[in-house]
Amino acid sequence: MKFCSKCGNQNDDNVQFCLNCGNKFEEEASQQQQQPQQQQPPIYQQPQQPMYPQYPQQGPIPPVPGKGMAIASLVLGICSLALGWTGVILILGIVGIVMGVLGGKKMRMAGYPAGIATAGLVMSIIGTAIGGLIFVSCMACGACSYCAVLPLLP
Amino acid sequence: MLPFVNFLGREIPMYGLMFVLAAIVSIGFAMLRAKQRGIPSDDTLYTSLFAVIGAIVGAKVLYIITMIGPVIKNWSNMMEANVSVWEIIAFASGGFVFFGGLIGGIFGGIIYLRMFKLNIPEYVDLIAPCVPLAHAIGRVGCFFGGCCYGIETHYGVEFNLSPVAPHNVRLLPVQLIETDVNLLLVLILLIYGRSHENKNKSKNKPGKSLLLYLILYSVSRFTLEFFRGDKARGIFFGVSTSQFISIIIFFISVLLIAFYDKIIINKI
C-alpha cells in the first residue's frame, strides 16, 4: 500500500496513477518497485527430469520403441501372477519376462522411463517362480513319466 | 528323502523349491560380482534371466529329442494299448536334460548380449561361477526328491518317501556328492577369475572361465555317472547318454581353449 504524495489517498502498490487524483507515481513507483524486486522469491528450480525427446507441436507422436512389448509384459505379468499356480501357465510368465527385459531395455535406450516394463518384469518373474515352484517338481527328472510308458517299451 | 514340504496348507515339491532357490541365489551372486567389477547390474540380471529361460527351453527340447526315438519306435504298441495322446504329451513334458539346459542357457545369454552389443567375454567370466552354484543347489533338490539317485551300497541312504527312487534300498547319495563337486568347481572358478583379474590387462583373456568349467564338469560328470543307479536314461554306444555328451563337450572345450585366440576372439 502506498500513499499519493498529492492527495494522500491510499493506493495499491502496483498502480501507476493515484486512483483519487490521477497523480502519477513515478519516483515512488521506481523506489517502491526496487524493494519488491529484492523481495522476490528465488526462481523455482525445476527438479532434474529425464530428457524427454521433444515432440513436435503438430503431427503424429513418434512411436516409443519397446512400449508395445512393455505393455505385453505387464499383461502377461498380471496373468502369470494370477494363474501361475496352475503350473501349465509357466509359459506366460516366461514370455512376460522376455517381453519385460526387451521392452524395458529398448525404452531405456531411447531415453524413456520404463516403469511399465519393470512392473511387468517383476510380476512375470514372481509368477514364473511360483509356477516353477509348483510345476517343476521331481517329475521334472522325467523318471515318473516313464512309469506310464515304460511298460510298453522293450 | 523329503519330496514335499507342507507350507500354508499346500504340498510344495522340494525339487521345485530348490530350483527356484538356485536361480535366485545364483542370479544374486552374479549381480553382486557385477557390482564389484563395475559392470551394470541390470544388464547382468537380464543376461541371467535370458540364460535361465534358454536353459529351460534347451533342457526341454533335448528331452523331447531323446524321447522321440522311443516314442516313434513304439507307436504301434502304444496305440494298441490305447495310450491317449494326452498321456504321451504328459510324458514328453515331464523332463529336462541338464546338458540341453547348459547349451540352451549359453545361447540364451549370448542372444541377449549380442542383441544389445555388450562385451560377451566379460559377462561370460562374470556368470561362469554361478552355473555350478545353481547346479549345486539344484542337486540338493534332487536329493530331497530322490531323483538322479545312486547305486546300491550297504552304507547308503534309503529313499522311502520318494516317488521316483526304489524303496527299501540303500542307495549312495550321489546327489550330495555332486553338490560338493559343484561347490568345488565354484571355488576353482572364483580363484581362477581372481588370479587373472589384477594381472596385465593386455594379457588378460576373458571368457575362458566357462570353457574351464565345461572341461572340469564333463570330466566329473563322466566319473560320477558310474555311481548313478538310474541307468534307465538311455544307453549310447556302451556308455550312458550323459557320459557320451560329456566326452563330446570335453573335446570341444579343450579344442576351444587351445585355439582360444583364433576361434573365439575373432568370432566374437
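The values are calculated or read from the model by the stated rules, or taken from the named source; none is laboratory data. It should be emphasised that the depicted structure is a prediction, and the values quoted were computed from it without experimental measurement. As a convention, Cβ positions derive from the backbone with ideal geometry for all residues, glycine included, and neighbour counts pool all protein chains shown.
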**Request:** Within segment B:172-221, track down each residue that is closer than 18 Å to B:Gly145 by Cα, at pLDDT 85 or above and buried (at least 19 other Cβ atoms within 10 Å of the Cβ).
**Result:** B:Glu178, B:Thr179
**Item:** Pairs where the first residue, in segment A:49-70, is at negative phi and the second is modelled with pLDDT under 75 and exposed (fewer than 10 other Cβ atoms within 10 Å of the Cβ), C-beta under 7 Å, 6+ apart
**Value:** A:Tyr55/A:Ile61
**Item:** Every residue from segment A:101-154 that is in a helix (DSSP H, G or I), within 7 Å of another protein chain (Cβ to nearest Cβ) and at pLDDT below 60
**Value:** A:Cys138, A:Met139, A:Ala140, A:Ala143, A:Cys144, A:Ser145, A:Tyr146, A:Ala148, A:Val149, A:Leu152
**Request:** Identify all residues within segment B:9-56 that are within 17 Å of the chain's Cα centre (by Cα), β-branched (Val, Ile, Thr) and away from chain A (no Cβ under 11 Å); write none if there are none.
**Result:** B:Val25
